[in-house]
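The values are calculated or read from the model by the stated rules, or taken from the named source; none is laboratory data. Remember, it's a predicted structure, so these values are computed and weren't measured experimentally. A quick note on method: Cβ atoms are made from the backbone with ideal geometry, for glycine too, and the neighbour counts reach across all protein chains shown. With ligands, DNA and RNA removed, areas are computed over all heavy atoms of the protein, side chains included. Shrake-Rupley method; radii C 1.70, N 1.55, O 1.52, S 1.80 Å.
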Amino acid sequence: MKRDILIHPDPRLKKLCSPVDDLNDELRKLADDMLETMYDAPGIGLAAPQVGVLSRLIVLDCVKEEGEKPRPLIMFNPEVTASSDETSVYEEGCLSIPQEYAEVTRPAEVEVSWLDRDGKLQKEGFSGLWATCVQHEIDHLNGKLFIDYLKPMRRQMITRRMVKLKREKARG
Ligand code: NI
């Protein structure tokens, strides 16, 4: 079942999310719904607060090539356990900040640990787009958006446009 994606600015996008300590069917259903919502958008990552749930859960799939096998990842309590000194710059966007893109510098490689859909502990190194995406999504769990890396002027301009967009949407 598809969920509604919150649009910035929204207080729920600025909250610190709580760790998942009881991985139950309701949370698994939420993860599946989030993947469905992400693919439909379409996007390459989605965090639980973006659908209004303040739990530490993200989903991602950065396979973009047409015809390549998808790789949906569900991460409960994801944590960056190591990051490279080397950085990379990607033009980022966010499903909660539609039609806005900006370059963000982040560590080029990260090692991440998480609990998978079955509650099994996983650990993997990510690079390229995957590294950027997983860091962007984990940021969401700490109430941080990619526009928080931009200069205040730029951030305020984007936020103003989003306020206007939401007003227009509300009017229908
Ligand atoms: Ni995002």
Using 7 Å Cα-to-Cβ label points, what is the M157/K120 separation (nm, one decimal)?
4.8 nm
Order V51, V89, V163 by their accessible area, 1.4 angstrom probe, all chains in place, largest first.
V89, V163, V51
Using 1/(1 + (r/R0)^6) with R0 = 45 angstrom and r between the beta carbons of K169 and D85, what's the FRET efficiency to the nearest 0.05?
0.60
Please go through the range 18-100 and write out the GluC sites (Glu not before Pro) that DSSP classes as loop and that have at most 11 other C-beta atoms within 10 Å.
E65, E66, E68, E86
Share of accessible surface on carbon and sulfur in the range 81-133, whole %, 1.4 Å probe and ligands ignored, is 43 percent
Using Cα positions and a limit of under 12 Å, work out the aspartates and glutamates in reach of K2, with same-chain residues fewer than 8 apart set aside.
D32, D33, E36, D40
Size of the range 11-171 along its principal axes in angstrom, Cα-based, largest extent first?
43, 38, 35
Report P(r) for the range 1-104: all Cα-Cα distances, bin width 5 Å, range 0 to the bin holding the largest distance, values in whole percent.
2, 11, 19, 22, 22, 14, 6, 2, 0
Sorted list, accessible surface of protein heavy atoms, 1.4 Å probe, largest first, for L129, L145 is L129, L145
Hz values of 3J(HN,Hα) by residue in the range 138-150 - Karplus curve (6.51, -1.76, 1.60), Gly and Pro given as x:
5, 3, 4, 6, 10, x, 10, 10, 5, 6, 5, 8, 8
Could you tell me how far the Cα centroid of the range 138-172 sits from the Cα centroid of the range 43-86, in Å?
20 Å
Measure of exposure for C133: accessible area at 1.4 Å probe, Å² rounded to 10, is 10 Å²
